[in-house]
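Beneath this line is the structure, given in structure tokens, with notes to follow.
The values are calculated or read from the model by the stated rules, or taken from the named source; none is laboratory data. Values in this document were obtained by computation on a predicted structure and should not be read as measured data. Glycine also receives a Cβ, built like all others from the backbone with ideal geometry; neighbour counts cover every protein chain displayed. The area values use the complete protein model at the heavy-atom level, side chains included, leaving out ligands, DNA and RNA. Shrake-Rupley method; radii C 1.70, N 1.55, O 1.52, S 1.80 Å.
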Amino acid sequence: MDYSFNLYNSLAASGVCIALKKTAPLGAAPVILCIGSDLSVGDSLGPVTGTKLKQSLAGLNCYVYGTLAKPITAHEVKYMNDFLRLTHPDSPIIAIDAAVGNAGDIGLIKIAKRPLRPGSGANKRLNKVGDVSIMGIIAEQSVFNYSLFSATRLNVIYKMSEIIAEGVTSFVLDYIQNANAFKSAL
């Protein structure tokens, strides 16, 4: 089942958290992979979100890859897949990226229990990544997707990143708390 939340919905961050609870498999500490580049506003959703998550989850047993300082672009995903499976074999991987969609979907944050394929909005054929995907629809799909990514408003990216980061942070805090409670019960 897929979940969608409009960035102007005041309960979107809570919805992201609840959707992650329903879709993320249990395992070791979650790994969050934020894909994108700061070279284009539309493609910066992942790194902006990753930067916010790094700050809000600092000191916790959680891993965040892809920030404004150290972005993970779509081209690096093929290396990241192998790295993540070797480094975090039991961890659920939550992949976050900007995406294109139908005109009516712009502004939606979509969560699905399946990997995402980064770069597909730019007609790239790259490997899938993640156990759960979070996609922010930032532009309408067309043959000129790259130019639409460049024409995206920073306010939309920033608002989406705030919602996603708040929802993921709540999910991770609950996840860690529940894991600790389970360990204490043993």
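In terms of the Cα gyration tensor, with a ≥ b ≥ c the square roots of its eigenvalues, is the stretch 1-73 rounded because a/c is under 1.5, prolate because a/b exceeds b/c, or oblate? Verdict is oblate for the stretch 1-73. Net charge within 15 Å of Glu166 by Cβ-Cβ distance, Lys/Arg positive one each and Asp/Glu negative one each, not counting Glu166 itself? Within the 15 Å Cβ shell, the charges total +2. Ignoring any ligand, DNA or RNA, what whole percent of the accessible area of the chain comes from carbon and sulfur when the probe is 1.4 angstrom? Percent of accessible area from carbon and sulfur atoms in the chain: 55.
Looking at the stretch 7-81, the accessible area is 46 square angstrom per residue; that uses a 1.4 Å probe and ignores ligands, DNA and RNA.
For Rg and Dmax of the Cα atoms in Å, the value computed from the atomic coordinates appears in the list [x] 15.5, 56; [y] 17.1, 54; [z] 15.9, 51 under label [x]. Pairs Lys52/Lys113; Lys78/Lys159; Lys22/Lys113; Lys128/Lys159; Lys52/Lys78; Lys110/Lys159: which exceed 18 Å Cα-Cα? From the list (Lys52/Lys113; Lys78/Lys159; Lys22/Lys113; Lys128/Lys159; Lys52/Lys78; Lys110/Lys159), the Cα-Cα distance tops 18 Å for Lys52/Lys113; Lys78/Lys159; Lys128/Lys159; Lys52/Lys78. Put simply, the Cα atoms of the stretch 43-98 extend 28, 25, 16 Å along their principal axes, the longest span coming first. Between amide H atoms placed 1.01 Å from N, distances below 5 Å from Thr73 occur with Gly36, all of them 5 or more places distant or on a separate chain. If the chain linking Phe83 and Lys70 were pulled fully straight, counting 0.36 nm for each residue of separation and taking away their Cα-Cα distance, it would gain 3.1 nm.
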